[in-house]
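I have placed the structure first, in the form of structure tokens, so that the comments after it can refer back to it.
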Amino acid sequence: MIDLSADGHVHTAFSSGRDSVSVLVAAAEQAGLTELTFADRVGPDTSWLPPYLSSIQRAQQRTDVTLRRGVEVEAIGIDGWLAFPSDLSGLEVISVGLNRLPLPAGLLSPDAVRTQIDAGAMRALDVIDQVVTVTGLAVERVSRYAPTRLARPLDFLTRAGIEEAAVPDSALVELVEACRVNGTVVEISERHRLPGLRLVQACADSGVRLVAASDAVRASEVGGYRYVREITAGVVPATAAA
């Protein structure tokens, strides 16, 4: 169901990682990987994309591991608008993340949302609906520019104190359908231990492709999968369920 010889999301020292592109590639070779996707976080003020992409291209000339030139972009608008860098050329894949909740009044952090819920000013179900709606709009928008992946699915809800078990089936169906329609690949994040079995099973049932992602910030984390193995082992194949 999932290719453990690929790592679908790693960070370099260009953004939140600790190691260079070449060091991460060496770690991928050591782990026996066949594919490595770089996904450093970018925004409108990012100025290092040209040297970042050049580093990946140079590394590709020295390795048999297939290297994917990607970035992670945050959804920041209620309409699914994202904090795009000024130039998207040269990218092979874009991962969509949601670190703050877009609302008509602005962006709220997970802690702020948790405080609002605890105070009775927001309902968890409304937060879930907003996260799913914005995520669906974001993957649709990104899919116009490049192959799209969903990073750390429902991570915002977890950080806001809302567990996946609280997400209604209808919301999971809506999220998975948005991924299916837009050809979005869903990442299973080793570092964040997300998503949970319900969402992974829903993706498998709907034919949404899943990719193993270490979300590594250090070379030692590249291609290391424990959570990914555990969660995918619990998935019931469609033929068995039938």
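Okay, here's what the table says:
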quantity	calculated
Tally of residues being part of a loop (DSSP other than H, G, I, E, B), farther than 23 Å from Pro147 by Cβ and in contact with a helix residue (DSSP H, G or I) (Cβ under 9 Å, 6 or more places away or on another chain) across the stretch 1-51	4
Candidates Val222, Val200 - the one that is more than 16 Å from Ala28 (Cβ to Cβ) and either buried (at least 19 other Cβ atoms within 10 Å of the Cβ) or without any contact (Cβ under 8 Å) to a residue 60 or more places away in the chain (or both)	Val200
Scan of the stretch 18-52 for residues that are open to solvent by less than 20 Å² (accessible area, probe 1.4 Å) and either among the hydroxyl-bearing types (Ser, Thr, Tyr) or more than 21 Å from Ser5 (Cα to Cα) (or both), ordered by number	Thr37, Val42, Gly43, Leu49, Tyr52
In the stretch 6-17, the residues that are without any contact (Cβ under 8 Å) to a residue 60 or more places away in the chain, open to solvent by 10 Å² or more (accessible area, probe 1.4 Å) and among the polar types (S, T, N, Q)	Ser15
Selection count where residues are open to solvent by 20 Å² or more (accessible area, probe 1.4 Å) and not in a helix (DSSP H, G or I), scope the stretch 167-197	7
Pairs, first at negative phi in the stretch 123-151, second of a type in the set (Val, Ile, Thr) and part of a helix (DSSP H, G or I), C-beta under 6 Å, six or more apart	Ala124/Ile117; Val127/Val113; Thr148/Val139; Thr148/Val142
Residues satisfying the stated conditions in the stretch 207-219, i.e. free of Cβ contacts under 8 Å to residues at least 40 places away in the same chain and either assigned to a helix (DSSP H, G or I) or charged (D, E, K, R) (or both)	Arg209
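The values are calculated or read from the model by the stated rules, or taken from the named source; none is laboratory data. Note that the structure is predicted; figures quoted are calculated from it, not measured. With ideal geometry, Cβ positions are generated from the backbone for all residues, glycine too; neighbour counts draw on all protein chains shown. Each accessible area value is taken on the protein alone, full model and side chains, heavy atoms only, with ligands, DNA and RNA left out. Shrake-Rupley method; radii C 1.70, N 1.55, O 1.52, S 1.80 Å.
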